[in-house]
1. What length, rounded to one decimal in nm, is gained on full extension from ASP51 through to VAL307, with 0.36 nm per residue of separation minus their alpha-carbon distance?
2. Enter the angle in degrees (range 0 to 90, nearest 10) between the Cα long axis of helix 31-63 and the first principal axis of the Cα atoms of the chain, meaning the one along which they spread out most.
3. On full extension of the chain, what length is gained from LEU95 through SER276, given 0.36 nm per residue of separation minus the C-alpha to C-alpha distance?
4. What is the diffusion coefficient of the stretch 209-275 in µm²/s, taking the Kirkwood radius over Cα pairs and the Stokes-Einstein relation at 20 °C with a viscosity of 1.002 mPa s?
5. Just to be sure I understand the model, the point goes 7 Å from the Cα along the line to the Cβ. What's the resulting LEU151 to ALA437 distance in nm?
6. For the stretch 150-170 and the stretch 119-137, write down the distance between their C-alpha centroids in whole Å.
7. Within a Cβ distance under 14 Å of ASP203, other residues only, what is the Lys/Arg minus Asp/Glu net charge?
8. Cut-off 10 angstrom, C-alpha nodes, Gaussian network model of the chain. Which of GLY366, GLY40, GLY94 fluctuates the most?
Amino acid sequence: MNWLLPRLAAGVLAMLAGGFLGYVASNVEHTVVWRVLAGGAIGVALAALLDTARGYRLIEWLRGSQEQQAPRDAGFWGELGYRVERSIRLREQGLAQERLRLEQFLSAIEASPNGVLILDAAEQIVWCNSVAADHFGLDPQRDRRQRVTNLVRSPAFVAYLQQERFAGEPVSFPNPRGDGTLSVLLRAYGEGMTLVLSQDITDRERQEAMRRDFVANVSHEIRTPLTVLAGFIETMGNVPLTEVERRRVLELMTQQTRRMQTLVSDLLTLAQLEGSPRPAADRWVPLAPLLAQVESDARALSGGRHVIEFAAPNGVEIAGAQSELLSAIHNLVGNAVRYTPEGGRIAVSWQPQADGSGVLGVTDTGVGIAREHLPRLTERFYRVDGSRSRDTGGTGLGLSIVKHVAQRHGAELQIDSEPGKGSRFRIVFPAVRVHAAGEGASAP
Ligand code: ADP
């Protein structure tokens, strides 16, 4: 405002001067010259006033939010207003683009499956995505500017953060919720800034543990018959045997070899199930011939020791892989025979459901299974009674195969059992994979 008063004063003075000159001019000679001078002074005064008003309008616009257009005056002030406005608009556009780029960049990091946490030189949280917030139990807004070691206190993480330039491998430690494992990698950048990348490796660790257990189990299962075989071979090489002894040893060697063959065959079946695409949903397998095959195997395995009943479902077809379905039913019925004492009853049935789905049931009156074992039965090599399983030729992989086959056919394996009374295993096939007689089932 300090420029406004002098300019107004100058305008008023110019007008006074013009008036005074006009007054003098009316009383002296050479009136025309004086009148011209007076008119000029008044013109200068008016121009100064107009100029002041335009400058004032521009200043007022600059003081405001500049959302409106700058005053479009003619001349010097108009040009100045236009140029100032253009540079302001260009700067605003640049800022908007920068903001958009930053937002896009942050949403890309936000979409990352890994946690991203940025720390400043004082190890205070600058920013984190929601995955990192979840991993470390942070609140992205509330915990901003908090020192990270006050919130994430795992000794492994704190020690890693204190390392010089964070050399070496990522560190793993239990997540703050205590229900999994985090792997964290630190990288230094900029002026003392730190990038923290986190990954939930709970599943990976679980799978790794399962893989280790699996390899240990397979090795153990193969080593046992191999040790027996090696012992017999050594005996036969060193000790002269009678014909009866030789026959007995050969019989036992054959048993152990079969055991290994069955194990390798089950392992191959599992590997195939895991490594191949899901069975086609339009390849229809008639159920009756499958059950007939399983029935004759079951009767051979039972050797007449059990009452075996098969209710053949005429005209029922299941969409899937014949060999897989055969293997699954074979395993269930084989188990029923093996875990049912002499005189027991084994029944295999097909029950169509009202919604079009179908249930294949295998029921026995055998030894049954205690409730606590049920959730783990389908794990590989899980056995309720190891010696009984091995004695009857079990590999511990049968139910694992059944569960895989069921899953691959969109079906569910359900198990009910009571110790001492018997068990019921059911595979519930979804309606889309079941064709009953009279539904116009296509040829296999
Ligand atoms: P296995 O080769 O040992 O039979 P499975 O995977 O087929 O392996 O079965 C896992 C375990 O479940 C068996 O060791 C056995 O203890 C139990 N089991 C399976 N079927 C039956 C059944 N019909 N009756 C009682 N127990 C069973």
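1. Working: separation 256, 0.36 × 256 = 92.16 nm, distance 11.58 nm.
Between ASP51 and VAL307, full extension yields 80.6 nm more.
2. Orientation of helix 31-63: about 20 degrees from the principal axis.
3. Details: separation 181, 0.36 × 181 = 65.16 nm, distance 5.36 nm.
Answer, rounded to one decimal: 59.8 nm.
4. Details: Rh = 13.6 Å.
D = 157 µm²/s.
5. If labels sit at LEU151 and ALA437, their model points lie 6.8 nm apart.
6. Answer, in whole Å: 14.
7. Values: positive: ARG204, ARG206, ARG211; negative: ASP179, ASP200, GLU205, GLU208.
Summing Lys and Arg as +1 and Asp and Glu as -1 gives -1.
8. Looking only at GLY366, GLY40, GLY94, the biggest GNM fluctuation is shown by GLY40.
FYI, it's all coordinate maths here, none of it is from the lab. Fair warning: this is a prediction, and the values are worked out from it, not measured in the lab. We place every Cβ from the backbone using ideal geometry, glycine too, and count neighbours over all the protein chains shown.
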